[in-house]
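Structure, as structure tokens:
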Number of protein chains: 2
Amino acid sequence: MEKITSLPGFRDFYPDLCAVRNYVFHNWRETARTCAFTEYEIPVLEPTELYRRKSGDEIVKQLFHFTDGGGREVALRPETTPSLARLAAARQRDFRKPMKWFQIGACFRFEKPQKGRGREFYQWNCDILGENSPAADADLIATAILVMRRFGFTQADFRIRLSDRNVWSAFLASQNVSPDHTATFLQIIDKLEREKEELTAERLTAIGTSLDAVRTFIAAKGADHPPLMAILADLAARGLDSFVEIDLGIVRGLAYYTGVVFEIFDLNHGMRAVAGGGRYDNLCNLIGGTDLPAAGFAMGDMVIANLIRETPHANALMESWLASQRQLDSFIVIADEAHRPDALNLVQSLRAAGFSCDYSYQPAKVGKQFQTAEQLGARSAITVGSEFPNVKLKLLASRTESSLDAATIVDSLKSALATP
Amino acid sequence: MEKITSLPGFRDFYPDLCAVRNYVFHNWRETARTCAFTEYEIPVLEPTELYRRKSGDEIVKQLFHFTDGGGREVALRPETTPSLARLAAARQRDFRKPMKWFQIGACFRFEKPQKGRGREFYQWNCDILGENSPAADADLIATAILVMRRFGFTQADFRIRLSDRNVWSAFLASQNVSPDHTATFLQIIDKLEREKEELTAERLTAIGTSLDAVRTFIAAKGADHPPLMAILADLAARGLDSFVEIDLGIVRGLAYYTGVVFEIFDLNHGMRAVAGGGRYDNLCNLIGGTDLPAAGFAMGDMVIANLIRETPHANALMESWLASQRQLDSFIVIADEAHRPDALNLVQSLRAAGFSCDYSYQPAKVGKQFQTAEQLGARSAITVGSEFPNVKLKLLASRTESSLDAATIVDSLKSALATP
């Protein structure tokens, strides 16, 4: 029979890979908690219209989309922001503002799989709705910096590149360029670093400005734009300004951003964008007919996991967390099969008390059972044999052994494992 | 513009509902940890062939399935066991046996949505691969009982109904019924409680046995079947036998079970099945061409969440967990806008130290900020004003207030919140 494998661009999370994913999730969730974001979740499958309304017909070919058994046009979510806008618009009166919400889950894109980009990937979304001040933008950026530092990254590893699309609107006005050219102009700016200089210059001239004017403006780093200055001052108060640089060349491709935009860039491994976001004050209205200012950012699991692996100090932090997760509190060694029922009773007591605990399903030599305990990363082994109700507790790191009464095993194990 | 809503049978997890989901996930994951299961995950989208090979063409109409942009027949996973069999068969040599693996994630079924059954639902899967002894079956059942008790359910709330399909094979042999009738026979048994007595009797007679013989056999409760007796003895050693009853009428509809089967039944709210599972020793071979004995069970999030809500002692446990999750460690009250930078600095220090912490983005009266602190469930409020670097720490439960140096705020808050 032909072997069935997973689809291209989809991942099988065997335990080792799943543990790495869980490490990423753990830091995402802990950061969201400390920064006072509340978790929500949205369906994996949504009406295709939701994405069409936000991004136009073009987006559909990048989706896993189909007609369901009830004749509905549906799509696997490529992102969660349109759904968030749908939820927020539908019930915004029920929640105090600002709404600081986060979400972690799988998203899907039908595109060519490559390193750091799969067809199924996990994403962390942090959004602040109902607040349009730079203070909220700054809090989002502080959250993004906090998660990077929690992963162990330092100022030498990454930078936040900060910009504001409104700065460019002011620029275009000063150059007497029609606002109709704004979208075209932002696309030119988005490609500034990748496109040939002559072509860029030609395109800018065509809409009534010049490459020189753009470069001079970028060099000024938006120094007279109050929102950007307010964000920098806010982050400076937190001691985080050295993580941020104004870079007006960042405009973010997505059409729906309306103001401040930012990206986390890695500084050492190809300058990849690790996360990105910005202000999107019109989306809740477009999706749900409700005016609600909003800003947020998203981080995917694939780029950040690769970056952790490639950065020794971040990788060491992860490895230490992974090792702590692999630990088993106790392995019950059954030295005398006649006492298997007593051993099972201990297993039950320890698990009910919150200890992780395992044992051998089959009779086995004591030496083999100790070997299994080591393989499972057990911190302790409890030997149940003919001396029962006396049992032996061995701490596997220090090799110290003591004799105990089975009746008090929960307390004994608690104090034994509490000692470092 | 037309309002876009979620698809029928799909849920919008607003924060309150998401918190309930997280409570269920928390208990699932904690139980899996104490019982020494390791987490894995599989793709949400799989080749349709995977499900067709396990369950035949009939299953396809219950799937969300389509042809992707690359011409592949694909389906949203309706369950995870076939994928687990795929993973295990592909790399079983890499893992020590028994493999105790668990998974938590969304599954999808295209069927009529009703109470406790959605088109998208979450499921917890616990499986033991590479071990065919009743000891493994007993450990799975013990795990299922442990999670129910962790949710606060007692012996008065639920029961494990235990059976073994092989008992019926022995019965059919004793009645000289051809093994070819086994599938038909198990379908009759599966419907025993729901079907009209005359029809059942007629069908049994047609294949060469009788309703009387079946009833007498069920009344004997498999007392001479060694695997069932071994499981009962194992659970009795753990003090869990009173949670279990042999009920040979339970055969589980799914064709792939090969031996022991069991269900968790609720005793007070319509006798719903809360979870179910059993032994499926042939599936890894069928899916991946590798012989690997296996057993497992699954629990969905919808029935268990409803049952918790309907059971006061379980609901009280959940509410207390939910309240603890809603808490914010500290709200920073900015009494003097001139000191906002100092307040932001405190926010940063507290968050970096692991405290959850929030503040007002806009200038607001002190009274209003305290009101926000209460609404956010803050345990403490730290007032930053003109006396800075002296700040005031107020514990909101006890209303006690103290004056502190901002430089030592992390340690001060740690000890203040540690005191109950």
**OP:** For residue A:364, state whether it is within 14 Å of chain B (Cβ to nearest Cβ) and assigned to a loop (DSSP other than H, G, I, E, B).
**Re:** yes
Subject >> Answer from B:230, B:295, B:275 - the residue that is within 14 Å of another protein chain (Cβ to nearest Cβ), small (Gly, Ala, Ser) and buried (at least 22 other Cβ atoms within 10 Å of the Cβ) >> reply: B:295
Subject >> Residue among A:330, A:324, A:386, A:349 that alone is part of a helix (DSSP H, G or I), at pLDDT 95 or above and small (Gly, Ala, Ser) >> reply: A:349
**OP:** Within region A:96-115, identify whether any single residue is part of a helix (DSSP H, G or I) and in contact (Cβ under 8 Å) with a residue 40 or more places away in the chain, and answer yes or no.
**Re:** no
**OP:** Take the residues in region B:386-400 that are of a type outside the set (S, T, N, Q) and within 48 Å of the chain's Cα centre (by Cα), then tell me which one is farthest from residue B:365 (Cα to Cα).
**Re:** B:397
Subject >> Some residue of region A:121-129 being touching a helix residue (DSSP H, G or I) at 6+ places or on another chain (Cβ under 6 Å) and away from every other protein chain (no Cβ under 14 Å) >> reply: yes
Original post:
Looking only at region A:290-313, which residues are more than 22 Å from residue A:125 (Cβ to Cβ) and touching a residue at least 40 places away in the same chain (Cβ under 8 Å)?
Top reply: A:310, A:311, A:313
Original post:
Of the residues that make up region A:122-143, is at least one in contact with a Cys (Cβ under 9 Å, 6 or more places away or on another chain), in the same structural domain as residue A:240 (by TED's automatic domain parsing) and surrounded by fewer than 18 Cβ atoms within 10 Å (Cβ to Cβ)?
Top reply: no
Subject >> Residue that is in a loop (DSSP other than H, G, I, E, B), facing another protein chain (nearest Cβ under 7 Å), touching a residue at least 60 places away in the same chain (Cβ under 8 Å) and not basic (Lys, Arg), where the choices are A:7, A:50 >> reply: A:7
Subject >> Residues of region B:64-94 classified as in contact with a helix residue (DSSP H, G or I) (Cβ under 8 Å, 6 or more places away or on another chain), within 8 Å of chain A (Cβ to nearest Cβ) and assigned to a loop (DSSP other than H, G, I, E, B), total >> reply: 1
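Residues checked against (1) buried (at least 22 other Cβ atoms within 10 Å of the Cβ); (2) modelled with pLDDT of 90 or more; (3) more than 14 Å from chain B (Cβ to nearest Cβ):
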{"residue": "A:224", "(1), (2), (3)": "no, no, yes"}
{"residue": "A:251", "(1), (2), (3)": "yes, no, yes"}
{"residue": "A:258", "(1), (2), (3)": "no, yes, yes"}
{"residue": "A:270", "(1), (2), (3)": "no, no, yes"}
{"residue": "A:284", "(1), (2), (3)": "yes, yes, no"}
Original post:
Tell me, which helices (runs of 4 or more DSSP H) wholly within region B:117-220 include 3 or more residues that are more than 35 Å from the chain's Cα centre (by Cα) and in contact (Cβ under 8 Å) with a residue 12 or more places away in the chain?
Top reply: B:197-206
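The values are calculated or read from the model by the stated rules, or taken from the named source; none is laboratory data. On a predicted model such as this, the values are computed, not experimentally measured, just so you know. Ideal geometry is used to build each Cβ from the backbone, glycine not excepted, and the neighbour counts take in all protein chains shown.
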